[in-house]
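**Student:** Would you mind keeping the following structure in view while I ask a few things?
Just so you know, all these numbers are worked out from the coordinates, no wet-lab data involved. Just so you know, these numbers come straight off a predicted model, no measurement behind them. Note that each Cβ is placed from the backbone with ideal geometry, even for glycine, and that neighbours are counted across all protein chains shown.
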Amino acid sequence: MKVTNIILAGAMALTIASCSNNNANKLDACGCASITDQNSEDFKKCKELRTADAKFEADYQKCKIASASGIEDTSKVSLNKGNTTGAIKPVEAGIYTIDPATSSIGWIGEKVTGKKHNGSVAVKSGSFKLENGVLKSGEIIIDMKSINDEDLTGEAKTKLETHLKSDDFFASAKHPEAKYVIKSATVKDNIQYEIVGDLTVKGITKEMPAKLVIAPNGTGASIAGAIVFNRAQFDVRYGSDSFFDNLGDEMIKDEVILKVLLKAKRS
């Protein structure tokens, strides 16, 4: 098996990991990112810190992304015969077109009680450009009408998908597309990138960081990683304590995790 394939297999098996236990009881960015009880005093303090301090919020998002992607710690990515990602050649220069048929974006949402739902959303189109081993630009267009739940069946599945597409959540009929536009990228280790991009959901655009692995795959490329965004920033209000008080067990966490798994062909 090629090293590239092993890397992507590891990326496809990404799970949400907690930040280091050393930070769990500290009100630093990663400590806050590890808090799961949104009714706790520490969570309320963290929310105040995130609102008041833009740098703290940026660090918090980086911690959430690192936990979701596993890319920050390369030991979580299986490599053949002890190779490191630095030993893998970067994707060759050129323009790459994302193949919707072999690409997907997974999502995870969670209630304050710990109950989670997960699913996928289709990639409609996209491309990215590399020059001299550096990611220069890119765009991913997401089909919001394709929101799919994968942990339920039958009537419960249909009900949840309909609700997620409704005006309570992502208003898919009014806003059929979302997109992520890469503005800048920092190469960390040949195929690992820290991204700064603009995420547009429901017609609202906010700058969002991401972590991506872009690895050679034959004459094309495979992309895996994570984006963590705060749905409240995009006016997705249902069950959010950013808009409503006294939600109790009906509170749904604002953070939504997107797990990116894309394949692209060189144009």
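**Student:** Would you pull out the residues with amide H under 5 Å of D99's amide H, same chain only if 5 or more places away, H placed 1.01 Å from N?
**Tutor:** Here the answer is K263, A264, K265, since their amide H atoms fall under 5 Å of that of D99.
**Student:** Continuing with this model, one more query. Evaluate the Debye formula for the range 90-266 with equal point scatterers sitting on the alpha carbons, no solvent, and hand back log10 of I(q)/I(0) at q = 0.18 Å⁻¹, in q order, two decimals.
**Tutor:** -1.14
**Student:** Any idea what the dipole of the range 90-266 comes to, in debye rounded to 20, about its Cα centre with Lys/Arg Cβ at +1 and Asp/Glu Cβ at -1?
**Tutor:** That gives a dipole near 520 debye.
**Student:** When the Karplus curve 6.51 cos²θ - 1.76 cosθ + 1.60 is applied with θ = phi - 60°, which whole-Hz ³J(HN,Hα) does each residue of the range 227-232 get, with x for Gly and Pro?
**Tutor:** 10, 10, 10, 8, 4, 4
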